[in-house]
Amino acid sequence: FSNLEKVYFSRSAFSKGFFSKDIGQETIDKLFRINGWTIVFPEKLTLDEQITIWNTSNEIACMNGTIPLNLAFSRKRETEIIVLNKAARVHENLLRYQRIFNRDVVYVDVYNSALTGFSRSLGGGPFYCTISPSLTAMCRDYGLAVPIESSLRKVGKVIRFLAVWIKELVIPSIRRRL
């Protein structure tokens with residue numbers, strides 16, 4: 001793991017299935033994969049392996065949440081850290097870590113702005129990740145290719161998002177009233 005230049009910490013192996021709260025992860029994985037980044041799954045790595053990556057890679061990208069808090073283990077100050085926002089909510093703990101460890105982070109919104117209000121919390125979801133205007137701009141700035149997502153696939157993801165939202169938020173609310 002000490003020879004990985006560009007690493008994307010993916011959540012796609014952690015959150016699987018139709019009712020996964022993380023919708024669109026495979027699209028984000030594809031973007032980084034076609035641009036030569038190594039895709040790793042933190043839940044399949046030891047802590048030592050993760051710390052090695054944080055201390056040897058030149059560029060690290062990940063979804064906002066607990067993964068970027070690992071910057072606390074990083075001593076390689078020149079590593080560029082890109083955090084992909086899966087919701088419009090601010091991650092206060094990450095902002096604190098940035099101040100404590102004096103680190104710069106590039107934030108890029110990858111959420112569907114029309115659906116982000118449906119997410120119940122920063123970690124609770126559901127989340128719809130997509131090739132957003134913000135992500136497209138970042139790709140242009142970094143010289144990265146942007147995968148094309150078909151309209152049919154996008155509609156399918158919206159349907160999945162709404163199914164997860166109903167399952168996780170609406171049905172329990174109805175059950176509590178009965």
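Per residue, the accessible area of segment 1-73 comes to 43 Å² when a 1.4 Å probe rolls over the protein heavy atoms.
Calculated FRET efficiency, residue 89 to residue 144, Cβ-Cβ distance, R0 = 35 Å: about 0.85 to the nearest 0.05.
If the cut-off is 29 Å between C-alpha atoms, which lysines fall inside it for residue 76, apart from same-chain ones fewer than 8 positions away? Counting by Cα, and skipping residues close in sequence, residue 76 has these lysines nearby: 6, 30, 44, 86. If the only charges are +1 at each Lys and Arg Cβ and -1 at each Asp and Glu Cβ, what is the size of the charge dipole of the chain around the Cα centre, to the nearest 20 debye? In debye, rounded to 20, the chain gives about 820. Projected label points at residue 77 and residue 114, each 7 Å from Cα along the beta carbon direction, are separated by 4.6 nanometres.
Taking all Cα pairs closer than 8 Å and separated by 6 or more residues, the relative contact order of the chain comes to 23 percent.
Report the one residue of 134, 156, 83 whose Cα lies farthest in the direction of the positive end of the charge dipole of the chain (charges on C-beta: Lys and Arg +1, Asp and Glu -1; origin at the Cα centre). Farthest towards the positive end: 156.
When the solvent-accessible area of segment 40-178 is split by element, carbon and sulfur atoms take up 56 percent of it, the probe being 1.4 Å.
The values are calculated or read from the model by the stated rules, or taken from the named source; none is laboratory data. What you see is a predicted model, and the numbers here were worked out from it, not measured in a lab. FYI the Cβ positions are ideal-geometry reconstructions off the backbone, even for glycines, and counts take in every protein chain you see. The protein model used for the area step is the full one, side chains on, heavy atoms only, and it has no ligands, DNA or RNA in it. Shrake-Rupley method; radii C 1.70, N 1.55, O 1.52, S 1.80 Å.
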